[in-house]
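Asks: Submitted below is the structure of interest, expressed as structure tokens.
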Amino acid sequence: MKRMLSLVLACFLALSALAGCASDKGGGLKSDDASEEPDIVYARGVTTETSYESEYLGLRFTLPEGCTFKSDADLAELMNIDYSLIAEDLSSVDFSALKIVYEVGINGPSELPEISIAVDNIGSPEVTVSRYIEDLKMQLMNPSLEIIFSENVTTAIIAERSYQKLECSITIEEHTLLQNYYVRRMGERMVVFTVSFFSDMQDEADLILAAFTKY
């Protein structure tokens, strides 16, 4: 059973890796609740051994006890960057030219909860958060996994900013794996928090999210 859960979780997390969900499809109104126009150009945030901060995203984060940051090698893999070809140093990468940038990844004391922040350059300020979330749901659908989506997208606040929240889950016998997406638009980019955890880890996930503060 434990091996089955590990395999399902690995598949679920792999599906959650953003692959450029939205395109300019005449996405409707520009007036999403979770939207703003950035007043600075995009630059990837800075991570140290114990903290992360991004002026562009307006975020600061101090690592809670027992949690760890994902390595640069792990983040490079998510971005399809060959880590060995850049002398194992992400500082040489022009992130502004990438379609999707993973800012930071955080693992809880037992790997989960897992939280990542991605910035997706959608290339158009016309694509709404609602359109983006619908495309994200299509990406997550998989015939081998019975993923249940929340009936409604809700509004959530992280570090004093508004995000649109999509919840989804998979249940294997008595175990429920949850994955929440928090999405906001900043000009031509979408900011996406992905939070993955078992149903009995809600408090741990909330604790990590609460560690994000305004820049």
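The values are calculated or read from the model by the stated rules, or taken from the named source; none is laboratory data. These figures come from a predicted structure and were not determined experimentally. No Cβ is skipped: glycine too gets one built from the backbone with ideal geometry, and neighbour counts run over all protein chains shown.
Asks: Go through Ser91, Ser84 for me and flag whichever is over 27 Å from Pro38 (Cα atoms), more than 19 Å from the chain's Cα centre (by Cα) and exposed (fewer than 15 other Cβ atoms within 10 Å of the Cβ).
Replies: Ser84
Asks: When residues of region 153-179 are filtered for being of a type in the set (S, T, N, Q) and modelled with pLDDT of 95 or more, how many remain?
Replies: Going through region 153-179 one residue at a time, the tally reaches 4.
Asks: Only residues that are among the β-branched types (Val, Ile, Thr) and over 18 Å from Thr194 (Cα atoms): list them for region 63-86, please.
Replies: Ile81, Ile86
Asks: Separate question: I'd like the residue in region 167-215 that is acidic (Asp, Glu) and in contact (Cβ under 8 Å) with a residue 24 or more places away in the chain and, out of all such residues, is farthest from Gly108 (Cα to Cα).
Replies: For region 167-215, the residue satisfying everything is Glu188.
Asks: Find all pairs meeting these conditions: Cβ atoms under 6 angstrom apart; at least six residues apart or on different chains; first residue within region 76-91 and within 18 Å of Gly105 (Cα to Cα); second residue modelled with pLDDT of 85 or more and not small (Gly, Ala, Ser).
Replies: As it stands, the answer is Leu78/Tyr102; Met79/Tyr102; Leu90/Asp72, since those pairs meet every condition given.
Asks: Please find, within region 157-187, the residue that is surrounded by the fewest Cβ atoms within 10 Å (Cβ to Cβ) out of those that are of a type in the set (D, E, K, R) and under 10 Å from Ser35 (Cα atoms).
Replies: Arg161
Asks: Can you find a residue in region 61-82 that is under 20 Å from Ser162 (Cα atoms) and in contact with a strand residue (DSSP E or B) (Cβ under 7 Å, 6 or more places away or on another chain)?
Replies: Yes.
Asks: Quick check on Arg131: is it more than 22 Å from Gly105 (Cα to Cα), buried (at least 16 other Cβ atoms within 10 Å of the Cβ) and not small (Gly, Ala, Ser)?
Replies: Yes.
Asks: If you check Val41, Val119, which single one turns out to be out of contact with any Gly (no Cβ under 7 Å at 6 or more places or on another chain), under 15 Å from Arg189 (Cα atoms), aliphatic (A, V, I, L, M) and outside any loop (DSSP other than H, G, I, E, B)?
Replies: So the residue among Val41, Val119 that is out of contact with any Gly (no Cβ under 7 Å at 6 or more places or on another chain), under 15 Å from Arg189 (Cα atoms), aliphatic (A, V, I, L, M) and outside any loop (DSSP other than H, G, I, E, B) is Val119.
Asks: Yes or no: Glu134 modelled with pLDDT of 90 or more and within 18 Å of the chain's Cα centre (by Cα)?
Replies: When the stated conditions are applied, Glu134 passes them.
Asks: Could you count how many residues in region 57-74 are free of Cβ contacts under 8 Å to residues at least 40 places away in the same chain, within 17 Å of Leu98 (Cα to Cα) and either touching a helix residue (DSSP H, G or I) at 6+ places or on another chain (Cβ under 7 Å) or part of a loop (DSSP other than H, G, I, E, B) (or both)?
Replies: 2
Asks: Something else about it: Would you be able to tell me the number of residues in region 141-152 that are modelled with pLDDT of 85 or more and either more than 17 Å from the chain's Cα centre (by Cα) or surrounded by fewer than 14 Cβ atoms within 10 Å (Cβ to Cβ) (or both)?
Replies: Matching residues across region 141-152 total 5.
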